[in-house]
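The block underneath contains the structure these notes are about, expressed in structure tokens.
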Amino acid sequence: RVVLRQQNGEDDEYLSNNVYVRDGSSMARFINRIVVDSSFTPTGILSLEDIRKLRLPDVYYILLASRIFSLGQILHFEYLWDKGEKPFPYEEDLGIFIWDYNDETAFPYNPDDEGYYEFKIKPISQEFEREVNLSSGKVLKYDFMNYRAENFLLNLKPEEQNSNSELLARNIRLKDGDEWKPIKNFRFMTSIDMSELRKDVRENDPTLEIYT
């Protein structure tokens, strides 16, 4: 649960500040300003570090809800399909992406459900990490995809991007006695280990996609 205030002119400064954009904190600072109360922390206040731990569905819900609350539900925009032609006007109802999550039983998961939309943000738990027991005996823990992980992926150079990037972004740790040691590469993981890990991530933390 979050309580938002309406956006104001000063908020734009945080979204457009070049330093904040470069270090990936502009959106976190914006959320920090517009959330006046929440159920995520005992105080109700979200610090920048709290926001970096927020799961992506929560981040996008806050941004969409804030936009609807402050500027309206219909987004008007133009797209230039061909050079020399006039931009073509479009409008999008942002309400199709969110739901009243106070009643999870009513969420339209299936195409036949009233209000169904394939890319509507689905309800999630308030857990921030998950433990995985592999058949090899290895015990891993990973963070659900969050604000920090998305920034990690966005800042990767093209030559650094590969099929393991989304796993590394989730801050995977290996249990070693009483310690959880961060994983920097997967040399010690067998193909079966990787298959089981990918399956768990795919089923429990699927990639969030929002298309118009």
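The values are calculated or read from the model by the stated rules, or taken from the named source; none is laboratory data. Every value quoted in this text rests on a predicted model; they were computed, and no experiment measured them. Don't worry about glycine lacking a Cβ; one is built from the backbone with ideal geometry, like all the others, and counts go over all protein chains shown. Accessible surface areas use protein heavy atoms only, side chains included; no ligands, DNA or RNA. Shrake-Rupley method; radii C 1.70, N 1.55, O 1.52, S 1.80 Å.
Going through the range 170-198 one residue at a time, which ones are out of contact with any Ser or Thr (no Cβ under 9 Å at 6 or more places or on another chain) and under 14 Å from S136 (Cβ atoms)?
Once the filter is applied, which keeps residues that are out of contact with any Ser or Thr (no Cβ under 9 Å at 6 or more places or on another chain) and under 14 Å from S136 (Cβ atoms), the range 170-198 yields L174, K175, F186, F188, S191, M194, S195, L197.
Let me confirm something: among L64, L56, which residue is closer than 20 Å to M145 by Cβ, touching an Asp or Glu at 6+ places or on another chain (Cβ under 8 Å) and surrounded by 15 or more Cβ atoms within 10 Å (Cβ to Cβ)? Break it down stepwise before answering.
On the way: L64 fails: touching an Asp or Glu at 6+ places or on another chain (Cβ under 8 Å).
Of L64, L56, the one residue that is closer than 20 Å to M145 by Cβ, touching an Asp or Glu at 6+ places or on another chain (Cβ under 8 Å) and surrounded by 15 or more Cβ atoms within 10 Å (Cβ to Cβ) is L56.
In the range 1-47, what residues are in contact (Cβ under 8 Å) with a residue 60 or more places away in the chain and either part of a helix (DSSP H, G or I) or over 17 Å from Q126 (Cα atoms) (or both)?
Selection gives L4, Q6, Q7, G24, M27, A28.
Here are some residues: D37, D100, D113, D93. Which one is open to solvent by 70 Å² or more (accessible area, probe 1.4 Å), farther than 12 Å from Y147 by Cβ and of a type in the set (D, E)? Talk me through it step by step, then tell me what you get.
Values: D37 fails: open to solvent by 70 Å² or more (accessible area, probe 1.4 Å); D113 fails: open to solvent by 70 Å² or more (accessible area, probe 1.4 Å); D93 fails: open to solvent by 70 Å² or more (accessible area, probe 1.4 Å).
On inspection, the qualifying residue turns out to be D100.
Of all residues being free of Cβ contacts under 8 Å to residues at least 12 places away in the same chain and not in a loop (DSSP other than H, G, I, E, B) in the range 180-212, which is surrounded by the most Cβ atoms within 10 Å (Cβ to Cβ)? Just the residue, please.
Looking at residues that are free of Cβ contacts under 8 Å to residues at least 12 places away in the same chain and not in a loop (DSSP other than H, G, I, E, B), I get M194.
Residues checked against (1) touching a residue at least 40 places away in the same chain (Cβ under 8 Å); (2) outside any helix (DSSP H, G or I); (3) over 28 Å from L167 (Cβ atoms); (4) in contact with a strand residue (DSSP E or B) (Cβ under 9 Å, 6 or more places away or on another chain):
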{"residue": "P89", "(1), (2), (3), (4)": "no, yes, yes, yes"}
{"residue": "E92", "(1), (2), (3), (4)": "yes, yes, yes, yes"}
{"residue": "W99", "(1), (2), (3), (4)": "no, yes, yes, no"}
{"residue": "Y109", "(1), (2), (3), (4)": "no, yes, no, no"}
{"residue": "D113", "(1), (2), (3), (4)": "no, yes, yes, no"}
{"residue": "I121", "(1), (2), (3), (4)": "yes, yes, no, no"}
{"residue": "Q126", "(1), (2), (3), (4)": "yes, yes, no, yes"}
{"residue": "K141", "(1), (2), (3), (4)": "no, yes, no, yes"}
{"residue": "R148", "(1), (2), (3), (4)": "yes, no, no, no"}
